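Below: the structure, in structure tokens.
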Amino acid sequence: MLRELREQVTAERNELKRMRELRAADVAETRDAVADLKSGVRRQGSALARLARSSSIQSQLEWTEQRVLDRLSRVARSGRPVIVGPWTGEIGFELLYWIPFVRWATEKFGIAPERITVISRGGTRDWYRGIAHHYADALSLVPVDQFRAGTEAVKKQRAMRHFDRRLLRQVAANTGERAALLHPALMYALFMPFWKHQASLTRVVDHSRYRRIAASPASLPPLPATYVAVRFYFSGCFPDTPANRGFVAATIASLAEHTNIVMLNPGFQVDDHVDYGAAGQARIHYVDMRGEPHQNLARQTAIIAGARAFVGTYGGFAYLAPLCGVNALSFYSDRTYFVYHLELAQRAFAAVQGGALEAIDVGNAAVLRSALATAPSPLPDHEGPDGVRISR
């Protein structure tokens, strides 16, 4: 009897132990299931947050685009004269973004050139050909030192500034009636998402129209029959260092051994770029532009358009040459520029069948030697500035 009782107690203990083990297993399984559920909820929450951010960015992009379209529509419907500008910023942004945007806007909304007055600087009327019948030059309205003082603090015209208003008042006084305004801030608002990597290149391409630049004859002294246009200046991607000065001196000397050079240095400073001036040699030519600052870019455009090639610092003038149908070889030493500007430029030049643009790091000595040893391909003769016959 006692033995049977012991066996029963042992059996009950074993059953109780088994039940505890089963319960522990169930608890562990439940704990794992809860952990999996929490992890799933976190993943879902993260996905929803990403979706919300994406939707927010997309909504912002669509809202900004619609705001720009509404503004342009109101300008078109107003029937009033339209002032475009004033543009007082960098040449590169003017050529690559601002002018193509203005051309797209005026074509899309049917704003006739007869209504438009462009405000720029340096005699860039030819750059806006087909867009506007009227042109006002900031350097005819204010002296160079006042222009530099009014624009040196901010290069990107993302908002209306005091200096912009000053120029607008002077130009608006000549229109005879209240004018509508197409200010660069509108373009900056539309394209800023692309520059901030929030929108694709389509953002710019869909709102831009590129064209070649046909330079008008400018008042220039006699130029060589064939020459290379050269402009080296120091900038963020090509700082003023002994190494860069030595490179420029060697490059100009090498070019002068084989061809004439026309330097594009205007002889005065309108921004923070400092020009490099080469010593006078038989094949190095200068055009004095100090007397008429309001024509300096017109003259530099005509010189570039008549050149067999352009050589200089990577930047705005390296964009101007291909738009004039001239190949450009440009240099930098610090990759501080944004590659997408160069990629867009090369795409635009190809689309308008313009010249080629190469941007080369001065540190790549082997590439430089190869590039400088290769002469540009000869092109047919053409009429240059003031009817001078130029052989390429």
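The values are calculated or read from the model by the stated rules, or taken from the named source; none is laboratory data. For clarity, every value in this text was computed on a predicted model and none was experimentally measured. With ideal geometry, Cβ positions are generated from the backbone for all residues, glycine too; neighbour counts draw on all protein chains shown.
Tell me, yes or no, whether the stretch 224-235 has at least one residue that is without any contact (Cβ under 8 Å) to a residue 60 or more places away in the chain, part of a loop (DSSP other than H, G, I, E, B), within 21 Å of D288 (Cα to Cα) and of a type in the set (S, T, N, Q). Explain how you work it out, then say what you get.
Start the filter on the stretch 224-235 by keeping residues that are without any contact (Cβ under 8 Å) to a residue 60 or more places away in the chain, which leaves none.
So far as the stretch 224-235 goes, no, none of its residues is without any contact (Cβ under 8 Å) to a residue 60 or more places away in the chain, part of a loop (DSSP other than H, G, I, E, B), within 21 Å of D288 (Cα to Cα) and of a type in the set (S, T, N, Q).
Output the residue which, of all residues in the stretch 105-127 that are within 13 Å of V84 (Cα to Cα) and basic (K, R), is farthest from the chain's Cα centre (by Cα).
R115
Suppose the filter is over 27 Å from L357 (Cα atoms) and charged (D, E, K, R); does K156 pass it? Full working, then the answer.
On the way: over 27 Å from L357 (Cα atoms): no; charged (D, E, K, R): yes.
Against the criterion (over 27 Å from L357 (Cα atoms) and charged (D, E, K, R)), K156 does not qualify.
Going by the conditions given, is V154 within 25 Å of the chain's Cα centre (by Cα), over 30 Å from H285 (Cβ atoms) and of a type in the set (V, I, T)? Please lay out each step first, then the result.
Values: within 25 Å of the chain's Cα centre (by Cα): yes; over 30 Å from H285 (Cβ atoms): yes; of a type in the set (V, I, T): yes.
In short, yes.
Restricting to the stretch 316-331, and then to whatever is crowded, with 24+ Cβ neighbours inside 10 Å and of a type outside the set (A, V, I, L, M, F, W, C), can you tell me which residue is farthest from L342 (Cα to Cα)?
Checked the stretch 316-331; the qualifying residue farthest from L342 (Cα to Cα) is P322.
Keeping to the stretch 305-353, report how many residues are outside any helix (DSSP H, G or I) and not β-branched (V, I, T).
Initially, the stretch 305-353 is screened for residues outside any helix (DSSP H, G or I), giving 306-315, 324-338, 352-353.
Filter once more, so that each one left must be not β-branched (V, I, T): 306-310, 312, 314-315, 324-325, 327-335, 337-338, 353.
Total satisfying the criteria: 22.
Of the residues Y128, Y135, which is hydroxyl-bearing (S, T, Y), in contact with a helix residue (DSSP H, G or I) (Cβ under 6 Å, 6 or more places away or on another chain) and either at pLDDT 95 or above or over 30 Å from L342 (Cβ atoms) (or both)? Write out each step before concluding.
Numbers: Y128 fails: in contact with a helix residue (DSSP H, G or I) (Cβ under 6 Å, 6 or more places away or on another chain).
Testing whether each residue is hydroxyl-bearing (S, T, Y), in contact with a helix residue (DSSP H, G or I) (Cβ under 6 Å, 6 or more places away or on another chain) and either at pLDDT 95 or above or over 30 Å from L342 (Cβ atoms) (or both) leaves just Y135.
Any chance the stretch 194-209 includes a residue that's surrounded by 12 or more Cβ atoms within 10 Å (Cβ to Cβ) and over 19 Å from the mean Cα position of the chain (by Cα)?
First, pick out the residues of the stretch 194-209 that are surrounded by 12 or more Cβ atoms within 10 Å (Cβ to Cβ): 194-195, 198-199, 201, 203-205, 207-209.
Next cut, over 19 Å from the mean Cα position of the chain (by Cα) only: none.
Taking every residue of the stretch 194-209 in turn, none turns out to be surrounded by 12 or more Cβ atoms within 10 Å (Cβ to Cβ) and over 19 Å from the mean Cα position of the chain (by Cα).
Of the residues R178, R169, which single one is modelled with pLDDT under 95, farther than 23 Å from Y210 by Cα and assigned to a helix (DSSP H, G or I)? Walk me through it before giving the result.
On the way: R178 fails: assigned to a helix (DSSP H, G or I).
So the residue among R178, R169 that is modelled with pLDDT under 95, farther than 23 Å from Y210 by Cα and assigned to a helix (DSSP H, G or I) is R169.
With respect to the numbered conditions (1) assigned to a loop (DSSP other than H, G, I, E, B); (2) at pLDDT below 95, which one is the sole condition not fulfilled by R299?
(1)
Kindly list, by first and then second residue, each pair from a residue in the stretch 188-201 that is in the same structural domain as V154 (by TED's automatic domain parsing) and on the phi < 0 side of the Ramachandran plot to a residue that is assigned to a loop (DSSP other than H, G, I, E, B) and at pLDDT below 95, limited to pairs with Cβ atoms under 6 Å and residues at least 6 apart or on different chains.
Listed by first residue and then by second, the contacts come to Y188/R158; P193/A199.
Taking the condition of being part of a helix (DSSP H, G or I) and within 20 Å of P113 (Cβ to Cβ), how many residues in the stretch 181-197 meet it?
From the stretch 181-197, those part of a helix (DSSP H, G or I) are 184-195; that's our starting set.
The next check asks that each one be within 20 Å of P113 (Cβ to Cβ); those that pass are 184, 186-187.
Residues flagged as part of a helix (DSSP H, G or I) and within 20 Å of P113 (Cβ to Cβ) within the stretch 181-197 amount to 3.
Can you name the number of the only condition in (1) outside any helix (DSSP H, G or I); (2) of a type in the set (K, R); (3) in contact (Cβ under 8 Å) with a residue 40 or more places away in the chain that R158 fails?
Going through (1) outside any helix (DSSP H, G or I); (2) of a type in the set (K, R); (3) in contact (Cβ under 8 Å) with a residue 40 or more places away in the chain one by one, R158 breaks only (3).
Within the stretch 128-138, identify whether any single residue is over 22 Å from R211 (Cα atoms) and either within 22 Å of the chain's Cα centre (by Cα) or in contact (Cβ under 8 Å) with a residue 40 or more places away in the chain (or both), and answer yes or no. Break it down into steps so the answer makes sense when it comes.
Taking the stretch 128-138 as the starting set, the residues that turn out to be over 22 Å from R211 (Cα atoms) are 138.
Add one more test, that the residue is either within 22 Å of the chain's Cα centre (by Cα) or in contact (Cβ under 8 Å) with a residue 40 or more places away in the chain (or both), and what stays is 138.
Scanning the stretch 128-138, I find at least one residue that is over 22 Å from R211 (Cα atoms) and either within 22 Å of the chain's Cα centre (by Cα) or in contact (Cβ under 8 Å) with a residue 40 or more places away in the chain (or both), so the answer is yes.
Read through the list (1) at pLDDT 95 or above; (2) crowded, with 20+ Cβ neighbours inside 10 Å, then give the number of the only condition that L223 fails.
(1)
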